[in-house]
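Working notes, beginning with the structure itself.
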Amino acid sequence: MQKLLLFVLGVAACGMVSSQFTSGSSFCADEKNLEKNYACLLEGGSSSEESQESTTASGDLEESGSGSGSEEGSGSSEDVSYKYCLLLKYFYNIAVEFKGEAVYSLWLQWIEEVNDNIVLDVSLTSEEKICAIWSSLEAFITVHVEIEEIVYYIYISEWGGYVRNLEAVSVSFDSSVSEAIITLDASEDCELFDALRNQTSGELATYVETLIEEITVILEGGWSYSYELVLIYEKIESFLTTYSQYSAQFLAIEIEGYGSVSSFYEVTAFYWRAYNFDIAVGGSTSDCALIQVLTQAYQNESIGSTSERAQIKELVETLTTYYESNTEVSVRIEYFYTQLYQFLIIQEWSVEIIYSLEISGYGDLYELIYAYVLEVNLGISFENIGGSTTVESSSAGASCSDVTEINDFSANTTDLLTSITEAQESWNSTEIQRFAAYKERIYVVSSNTSATLVERYQSVYQVLTTWTTNEFYLNLVDSIQILTWGGSVSQACACHDQVE
């Protein structure tokens, strides 16, 4: 066990860093340093020929010796670890944690495959190798979730980061080349579509073709690149939810000169999270998802000691006090970013706990923090998303003179509610969840038959125009066609000044 962190590697590019979080630094600065120094992760190890000669020795660890990582027994880590680069050495030496479990031999086999197929592949750049290793690791962890926390929170002192930090590093690298694979040519084709079509068949190919059509509409919509990725994420996420039986096959598709579809999907996911910070930090302090998950953490007696949970409670109280008087999402996420880093300088023991806390419908806190880090470091902006956001002209049959009828309550519904329900048949689960509470509010207001139709219209108008500041979700609801009335939600709201 004590050898897990003792590597005498002579790697000049790396310096030993005892802690990732240091006074005077920040998540953004740390991320830049990790990207700058990533090459040291691939240094050391044997050449391809030397690796092949020692391949048989890799099985010795499972077949003989104690497997403890000590010098006792022929199965010690010294047998074959010399042939691996720094990153794989850490992976190899952590295998002792899985000794006696089914995943043990699979983990060693995975390391060998990564070494042969990625690290020793001279056709790949160093950046491509890092991205490929992370993608492969994620695929392995998805199947063997029992080792996720052990592997993700290995601290690599020579690099100054955790294995989990490879996620943001890979997204940063992939983001710089992602635009090229979704640029449409004259035939409305692109590298992403080529890969999807060429590597699917049968029923999956049919489903993929529909997805391609949906993404094509997005790419022809005139949106900014950043916003295109947000919309594409929504489509892929919906696809994976609907056809979950094909998820592994779909995500493993290789895009020539880029990497896997999984890597592209992860890029879109971080852009989506950056666009949707309000899911995590929006709302009142009692409804704020971030505060809720942190509160649950310090109230959970199985997490840390009493004093350690008390430290998390102090962080929650600091955030709550600030959020009560600062409701702007951008201000809140920046404050959390600053406060959490300062917290981790002193309480680095909690990094695994904090990062792993999950916000439903969004992601874990690592993904929240690094969505902000990547937004800052990559200059991601949603200020000018492009596209068409103008309200369409009034449709035939849609008149402001009878717009209040959309809230006429009959047979436990209204024209508006029925129209929303029908429109949601094409929404994904995230979109439905985001609007659920507001749809319920519309129902409550509309079912209040003691109020006049005008009063009900005014109340529903307030819900529809103030429920979110997120332009994508506003447009999603505004574009709903109201079946009997004949116009859209945006047209119904535009009648406001004419309703008395």
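Laboratory data are not the source of any read-out in this text; all were calculated from the coordinates shown. Every value quoted in this text rests on a predicted model; they were computed, and no experiment measured them. No Cβ is skipped: glycine too gets one built from the backbone with ideal geometry, and neighbour counts run over all protein chains shown.
Do we have Val281 as hydrophobic (A, V, I, L, M, F, W, C) and farther than 22 Å from Ser360 by Cα here? Let's see the steps before the verdict.
Values: hydrophobic (A, V, I, L, M, F, W, C): yes; farther than 22 Å from Ser360 by Cα: no.
Judged against the criteria, Val281 is not a match.
Entry remark, the stretch 286-324: residues being surrounded by 13 or more Cβ atoms within 10 Å (Cβ to Cβ), of a type in the set (Ser, Thr, Tyr) and farther than 18 Å from Thr338 by Cβ number 2 in total. Of the set (1) closer than 21 Å to Ser426 by Cβ; (2) without any contact (Cβ under 8 Å) to a residue 40 or more places away in the chain; (3) surrounded by 13 or more Cβ atoms within 10 Å (Cβ to Cβ), all apply to Tyr227 but (2). Looking only at the stretch 420-464, residues that are surrounded by 15 or more Cβ atoms within 10 Å (Cβ to Cβ), of a type in the set (Ser, Thr, Tyr) and out of contact with any Ser or Thr (no Cβ under 6 Å at 6 or more places or on another chain) come to 6 in all. The set of residues in the stretch 262-308 being closer than 17 Å to Leu357 by Cβ and aromatic (Phe, Trp, Tyr) consists of Phe277, Tyr298. Taken over the stretch 150-175, residues that are out of contact with any strand residue (DSSP E or B) (no Cβ under 8 Å at 6 or more places or on another chain), surrounded by fewer than 19 Cβ atoms within 10 Å (Cβ to Cβ) and touching a residue at least 60 places away in the same chain (Cβ under 8 Å) amount to 1.
In this structure, does Ile279 turn out to be without any contact (Cβ under 8 Å) to a residue 40 or more places away in the chain and either in a helix (DSSP H, G or I) or touching a Lys or Arg at 6+ places or on another chain (Cβ under 7 Å) (or both)? Judged against the criteria, Ile279 is not a match.
Which of the residues that make up the stretch 241-274 are assigned to a helix (DSSP H, G or I) and surrounded by fewer than 16 Cβ atoms within 10 Å (Cβ to Cβ)? Write out each step before concluding.
The first filter runs over the stretch 241-274 and keeps only residues assigned to a helix (DSSP H, G or I), leaving 241-242, 244-251, 261-274.
Across the stretch 241-274, the qualifying residues are Thr241, Thr242, Ser244, Gln245, Ser247, Ala248, Gln249.
For the stretch 153-176, the criterion of being of a type in the set (S, T, N, Q) and more than 18 Å from the chain's Cα centre (by Cα) is met by at least one residue. Checking the structure you have, find out if any residue of the stretch 120-136 is free of Cβ contacts under 8 Å to residues at least 24 places away in the same chain and more than 23 Å from Tyr82 (Cβ to Cβ). Yes, the stretch 120-136 has at least one match.
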